[in-house]
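Okay, structure first, notes after.
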Amino acid sequence: DGFDCSGLIQYAYAQHGVTLPRRSIEQARIGTEVGREVEALLPGDILTFAASPGGSVTHVGMYIGEGQFIHSASGGVQPSRLSPTDPTGKWWWDRWLGVRRVL
């Protein structure tokens, strides 16, 4: 029927032979921590988010380049922007906790 956020990330990595934990909180601990700067991101990096600014990890997405990431939401898998100035991207920016690089 579809994916939740961590299931999408787990599935995407599995397509390349990489096994990831199932839950977003567990995915937030794997790999190497990367600085929270858009310029430092590479496609495939796992972005971690909180439900509200300053909260704990409740959501993950995968960076795809050019300030965008994919994630699973109520409408299915969708791209979103990560930006401190873009009106839509700012919502995500304010909840962005960190980055994990697995590959």
Residue identified as at positive phi and in contact with a Pro (Cβ under 7 Å, 6 or more places away or on another chain) among 76, 31, 44, 65: 65
Filtered residues of region 8-24 (kept if in contact (Cβ under 8 Å) with a residue 24 or more places away in the chain, out of contact with any Asp or Glu (no Cβ under 9 Å at 6 or more places or on another chain) and of a type in the set (A, V, I, L, M)): 8, 9, 12, 18
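How many residues, within region 14-24, are surrounded by 10 or more Cβ atoms within 10 Å (Cβ to Cβ) and farther than 22 Å from residue 89 by Cα?
Step one: list which residues in region 14-24 are surrounded by 10 or more Cβ atoms within 10 Å (Cβ to Cβ), which gives 14, 18, 20-24.
Within this subset, residues satisfying the condition of being farther than 22 Å from residue 89 by Cα are 14, 18, 20-23.
Residues flagged as surrounded by 10 or more Cβ atoms within 10 Å (Cβ to Cβ) and farther than 22 Å from residue 89 by Cα within region 14-24 amount to 6.
Every read-out reported here was derived from the displayed coordinates using simple, explicitly stated rules and does not represent laboratory data. What you see is a predicted model; the values in this text were computed from it and never measured. Counting neighbours? That spans all protein chains shown, and the Cβs are built from the backbone with ideal geometry, glycine included.
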